[in-house]
Amino acid sequence: MTPQDSTKWVIKAPMQINYGLQKRGILAWLRKVRNTVLNRIVYTCPNNRIRILCLRMRGCYVGRNVYIGRYCFFDNMYPEYIYIYDGASVNAQSMILTHFNPFESHKTLFIAEVKPTIVSQDALVSVRSTIMPGISIGQHAVVSAGSVVVSNVAPFTLVQGNPAKKVTDFKVLFE
């Protein structure tokens, strides 16, 4: 599969989903099995090109010159809502999520939904970071190791912590 031209990507709109466990037909079950097998390859494979190929086969949008570290987890149910732009880096043991699906007993507290998660051009997601559904990491932004990102990260910004908070703005270094 060839690299995708990220300038032509159309970001999917968020959508609500049914609460709790879903009754799935055979095609949905086969899709989940395929995604699980490919995700296991992405998780353990020592070769970055193969990890990227498997992510694209799952439906993730992955640009050119992207680095995906080993032992990363990418949402299993809605990988087509993951966008990783050119030059971005997602390091080892990080998680990128696109959906939240609580049980129906929690529907007064939470909305079951799928949202696109975006890692913009030349952004860096450091080791063991978690990117929650619907989050956008700006261009050249850095997510520090072990951070949990629950709100959008502005371009040229370093964030760290749980929840991730802005540490510094380094746009000056690029001028």
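Structural remarks
- Within the chain, percent of DSSP bridges classed antiparallel, to nearest 5: 25
- By accessible area with a 1.4 Å probe, ligands and nucleic acids excluded, highest first: order of F74, F174, F110: F174, F110, F74
- Förster radius 30 Å - calculated FRET efficiency between I111 and I41, Cβ distance, rounded to 0.05: 0.40
- Label selected from (i) 1.23; (ii) 1.16; (iii) 1.03, the criterion being Cα Rg over 2.2 N^0.38 Å as computed here: (iii)
- This model, with +1 at the C-beta of Lys and Arg and -1 at the C-beta of Asp and Glu, gives segment 29-100 a dipole about its Cα centre of some 280 debye.
- Of N39, P116, F74, farthest towards positive along the dipole that unit charges on Lys, Arg, Asp, Glu beta carbons give the chain: N39
- Zone of K12's modelled label, taken as backbone nitrogen in segment 97-121 under 15 Å from a point 7 Å along Cα→Cβ: 97-101, 113-119
- Degrees separating the helix 48-58 axis from the principal Cα axis of the chain, which is the longest one: 40
- In terms of distances greater than 23 angstrom between alpha carbons, the cross-link table entries K107/K165; K8/K166; K8/K32; K23/K115 yield K107/K165; K8/K166; K8/K32.
- In the chain, the DSSP-assigned H stretches of four residues or longer account for a calculated mean residue ellipticity at 222 nm of -5500 deg cm²/dmol, using -39500 (n - 2.57) per stretch and the full residue count as denominator.
- Taking the longest Cα principal axis of the chain as reference, the axis of helix 26-44 is set at about 30 degrees.
- Label sites at N162 and M95, each approximated as a point 7 angstrom past Cα along Cα to Cβ, lie 1.0 nm apart.
- In segment 40-142, the inverse of the mean reciprocal separation of distinct Cα atoms equals 13.7 Å; this is its Kirkwood hydrodynamic radius.
The values are calculated or read from the model by the stated rules, or taken from the named source; none is laboratory data. Predicted model, so just to flag it, every value in this text is computed and none were measured. Don't worry about glycine lacking a Cβ; one is built from the backbone with ideal geometry, like all the others, and counts go over all protein chains shown. In case anyone asks, the SASA skips ligands and DNA or RNA and just uses the protein heavy atoms, side chains included. Shrake-Rupley method; radii C 1.70, N 1.55, O 1.52, S 1.80 Å.
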